[in-house]
Amino acid sequence: MLWAAALVLAVLVDWRLGEPPVRWHPVVWMGNYLGWAGRRVAPTTATATPDYKSFSLAALMWWAGAATVYVAAWFLQKSILQLPQALGAWSGSLLAVLLLGLLLKPLLAWAMLKSEVLAVEAALGESLDAGRQRLAWLVSRDVAALTEGQVRESAIESLAENLNDSVVAPIFWFVLLGLPGAALYRFANTADAMWGYRGTRNGRVWEWAGKWAAWADDVLSWLPARITAVLLMVLDYRTEWRALGQQARLTPSPNSGWPMAAMALCLGVRLGKPGVYTLNPALREPASWDTPVAIFHARNAVLALVLYAVVAMILIERWL
């Protein structure tokens with residue numbers, strides 16, 4: 001029950017209070033390390049041959065950061081789990097739930113994700129340029145030439161993709177491996193977001209330096225991404241399961257296409273990235289009312305996930 005209570009507390013704190021201050025945010029610390037390391041492993045010029053040196057250095061830096069994050073989270077969790085013995089079963093357990101929940105909370109970001117997507121829609125209500133500028137906070141793609149519909153598509157796609165990255169996958173790994181699992185996943189996902197590019201970004205070439213980070217995130221996100229899609233589809237009356245797999249495979253990513261395809265099917269709209277892929281190409285582009293509906297579907301998926309996770313942790317505890 002301690003694990004389940006900590007998860008519920010973390011989700012409640014996230015919904016009510018949002019993100020902690022930047023200086024105390026562990027994901028920001030991860031990003032600072034990855035930024036520092038990235039400047040040392042990614043070259044400024046491309047090579048005509050495979051750059052195994054950059055690949056190896058980046059992999060070593062990734063493992064160093066991942067090991068530090070995992071061990072730190074493991075040590076904190078171990079110390080917290082000793083509190084019931086040190087302080088007594090009742091008071092120690094309450095303090096353990098509080099501390100574990102507060103440490104897990106920064107690894108979840110539902111409230112921030114929801115507010116950012118709604119902010120893009122609000123900005124579109126002002127002007128197309130305002131919508132583009134706000135979307136640039138949320139996605140890495142070039143937004144300068146996007147139409148209003150494409151801006152909205154990008155925001156809804158980001159909602160679906162980050163529903164997995166910021167909520168479902170961290171909770172999935174928390175259920176399996178506790179706080180170290182959730183922390184390791186967020187490190188891997190942050191590394192992919194900062195390093196996992198096939199070309200040049202911010203003056204550095206990531207074709208080889210970012211490969212390991214991209215592979216690691218693909219592996220750790222594989223099952224959670226499909227769970228995210230199932231959660232979205234199960235809670236919608238239009239369960240087009242065959243179409244889900246067909247549409248998900250249209251994207252170049254092995255994982256992000258699943259929650260995006262599920263969201264497109266739930267809304268009955270077209271989603272896509274210009275020049276790369278289009279999901280549900282025969283359907284209409286999203287309208288302004290589709291954004292709050294997408295938030296509704298994502299919120300229900302989060303609630304269902306928490307319920308399933310709590311039940312799973314209680315059952316695991318009884319079996320063990």
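Which ones in the range 257-278 are more than 20 Å from Val293 (Cα to Cα), in contact (Cβ under 8 Å) with a residue 60 or more places away in the chain and buried (at least 17 other Cβ atoms within 10 Å of the Cβ)? Please lay out each step first, then the result.
Step one: list which residues in the range 257-278 are more than 20 Å from Val293 (Cα to Cα), which gives 273-278.
Filter again for in contact (Cβ under 8 Å) with a residue 60 or more places away in the chain, leaving 273-274.
Once the filter is applied, which keeps residues that are more than 20 Å from Val293 (Cα to Cα), in contact (Cβ under 8 Å) with a residue 60 or more places away in the chain and buried (at least 17 other Cβ atoms within 10 Å of the Cβ), the range 257-278 yields only Lys273.
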Can Arg238 be described as in a helix (DSSP H, G or I), modelled with pLDDT under 95, farther than 20 Å from Asp165 by Cα and of a type outside the set (Asp, Glu)? no
Would you say Ala294 is of a type in the set (Gly, Ala, Ser) and touching a helix residue (DSSP H, G or I) at 6+ places or on another chain (Cβ under 6 Å)? yes
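What tally of residues in the range 89-106 results from selecting those that are in contact (Cβ under 8 Å) with a residue 40 or more places away in the chain and small (Gly, Ala, Ser)? Show your work before the answer.
As a first pass, look at the range 89-106 and keep what is in contact (Cβ under 8 Å) with a residue 40 or more places away in the chain: 93, 96-98, 100-106.
Retained after the next criterion (residues that are small (Gly, Ala, Ser)): 93, 96, 101.
Residues flagged as in contact (Cβ under 8 Å) with a residue 40 or more places away in the chain and small (Gly, Ala, Ser) within the range 89-106 amount to 3.
Taking the criterion of being buried (at least 18 other Cβ atoms within 10 Å of the Cβ), in a helix (DSSP H, G or I) and of a type in the set (Lys, Arg), would at least one residue in the range 176-186 satisfy it?
If we filter the range 176-186 for residues that are buried (at least 18 other Cβ atoms within 10 Å of the Cβ), which is where we start, we get 178-186.
Those still in the list that are in a helix (DSSP H, G or I) too: 178-186.
If we keep only those that are of a type in the set (Lys, Arg) too, we end up with 186.
Yes, the range 176-186 has at least one match.
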When you go through (1) of a type in the set (Gly, Ala, Ser); (2) in a helix (DSSP H, G or I); (3) within 17 Å of the chain's Cα centre (by Cα) one by one for Ser140, which number turns out not to apply? (2)
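Among Ala109, Ala123, which is the only one that is among the hydrophobic types (A, V, I, L, M, F, W, C), within 30 Å of Glu148 (Cα to Cα) and either touching a residue at least 40 places away in the same chain (Cβ under 8 Å) or touching a Pro at 6+ places or on another chain (Cβ under 7 Å) (or both)? First the steps, then the outcome.
Working: Ala123 fails: either touching a residue at least 40 places away in the same chain (Cβ under 8 Å) or touching a Pro at 6+ places or on another chain (Cβ under 7 Å) (or both).
Going through Ala109, Ala123 in turn, just one is among the hydrophobic types (A, V, I, L, M, F, W, C), within 30 Å of Glu148 (Cα to Cα) and either touching a residue at least 40 places away in the same chain (Cβ under 8 Å) or touching a Pro at 6+ places or on another chain (Cβ under 7 Å) (or both): Ala109.
Looking at Trp208, Trp212, Trp241, Trp195, can you tell me which residue is at negative phi and touching a Gly at 6+ places or on another chain (Cβ under 7 Å)? Lay out the reasoning, then the answer.
Working: Trp208 fails: touching a Gly at 6+ places or on another chain (Cβ under 7 Å); Trp212 fails: touching a Gly at 6+ places or on another chain (Cβ under 7 Å); Trp241 fails: touching a Gly at 6+ places or on another chain (Cβ under 7 Å).
None of the other options fit; the residue is Trp195.
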So Pro224 passes all but one of these: (1) within 14 Å of the chain's Cα centre (by Cα); (2) surrounded by fewer than 20 Cβ atoms within 10 Å (Cβ to Cβ); (3) closer than 30 Å to Met1 by Cα. Which condition number does it fail? (2)
Residue hits (the range 35-93; assigned to a helix (DSSP H, G or I), in contact with a Phe, Trp or Tyr (Cβ under 6 Å, 6 or more places away or on another chain) and among the aliphatic types (A, V, I, L, M)) are Ala58, Ala59, Ala66, Val69
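Could you tell me whether Ala191 is touching a helix residue (DSSP H, G or I) at 6+ places or on another chain (Cβ under 6 Å), among the small types (Gly, Ala, Ser) and closer than 18 Å to Asp218 by Cβ?
Numbers: touching a helix residue (DSSP H, G or I) at 6+ places or on another chain (Cβ under 6 Å): yes; among the small types (Gly, Ala, Ser): yes; closer than 18 Å to Asp218 by Cβ: yes.
Yes.
Looking at the structure I just gave you, is Gly65 modelled with pLDDT of 95 or more and either among the aliphatic types (A, V, I, L, M) or touching a helix residue (DSSP H, G or I) at 6+ places or on another chain (Cβ under 9 Å) (or both)? Reasoning before the result, please.
Details: modelled with pLDDT of 95 or more: yes; either among the aliphatic types (A, V, I, L, M) or touching a helix residue (DSSP H, G or I) at 6+ places or on another chain (Cβ under 9 Å) (or both): yes.
It is true that Gly65 is modelled with pLDDT of 95 or more and either among the aliphatic types (A, V, I, L, M) or touching a helix residue (DSSP H, G or I) at 6+ places or on another chain (Cβ under 9 Å) (or both).
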Among the candidates Asp165, Asp217, Asp142, single out the residue that is among the acidic types (Asp, Glu), within 21 Å of Glu116 (Cα to Cα) and buried (at least 21 other Cβ atoms within 10 Å of the Cβ). Asp165
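Is it fair to say Trp212 is under 20 Å from Phe172 (Cα atoms), surrounded by 16 or more Cβ atoms within 10 Å (Cβ to Cβ), modelled with pLDDT of 95 or more and in contact with a helix residue (DSSP H, G or I) (Cβ under 8 Å, 6 or more places away or on another chain)? Please lay out each step first, then the result.
Working: under 20 Å from Phe172 (Cα atoms): no; surrounded by 16 or more Cβ atoms within 10 Å (Cβ to Cβ): yes; modelled with pLDDT of 95 or more: yes; in contact with a helix residue (DSSP H, G or I) (Cβ under 8 Å, 6 or more places away or on another chain): yes.
No.
Does any residue of the range 126-137 turn out to be crowded, with 20+ Cβ neighbours inside 10 Å, within 23 Å of Val269 (Cβ to Cβ), among the hydrophobic types (A, V, I, L, M, F, W, C) and under 16 Å from the mean Cα position of the chain (by Cα)? Please lay out each step first, then the result.
Initially, the range 126-137 is screened for residues crowded, with 20+ Cβ neighbours inside 10 Å, giving 131-132, 134-135.
Now restrict to residues that are within 23 Å of Val269 (Cβ to Cβ): 131-132, 134-135.
Still in the list and also among the hydrophobic types (A, V, I, L, M, F, W, C): 135.
If we keep only those that are under 16 Å from the mean Cα position of the chain (by Cα) as well, we get none.
Taking every residue of the range 126-137 in turn, none turns out to be crowded, with 20+ Cβ neighbours inside 10 Å, within 23 Å of Val269 (Cβ to Cβ), among the hydrophobic types (A, V, I, L, M, F, W, C) and under 16 Å from the mean Cα position of the chain (by Cα).
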Picking from Leu113, Leu100, which residue would you name as being surrounded by 14 or more Cβ atoms within 10 Å (Cβ to Cβ), over 13 Å from Ala155 (Cα atoms) and touching a Leu at 6+ places or on another chain (Cβ under 8 Å)? Leu100
Identify all residues within the range 1-54 that are farther than 19 Å from Ala73 by Cβ, of a type in the set (Phe, Trp, Tyr) and either free of Cβ contacts under 8 Å to residues at least 24 places away in the same chain or surrounded by 19 or more Cβ atoms within 10 Å (Cβ to Cβ) (or both); write none if there are none. Trp36
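The values are calculated or read from the model by the stated rules, or taken from the named source; none is laboratory data. All figures in this text were calculated on a predicted structure; none of them were measured in a lab. Note that we place each Cβ from the backbone using ideal geometry, even for glycine, and neighbour counts take in every protein chain shown.
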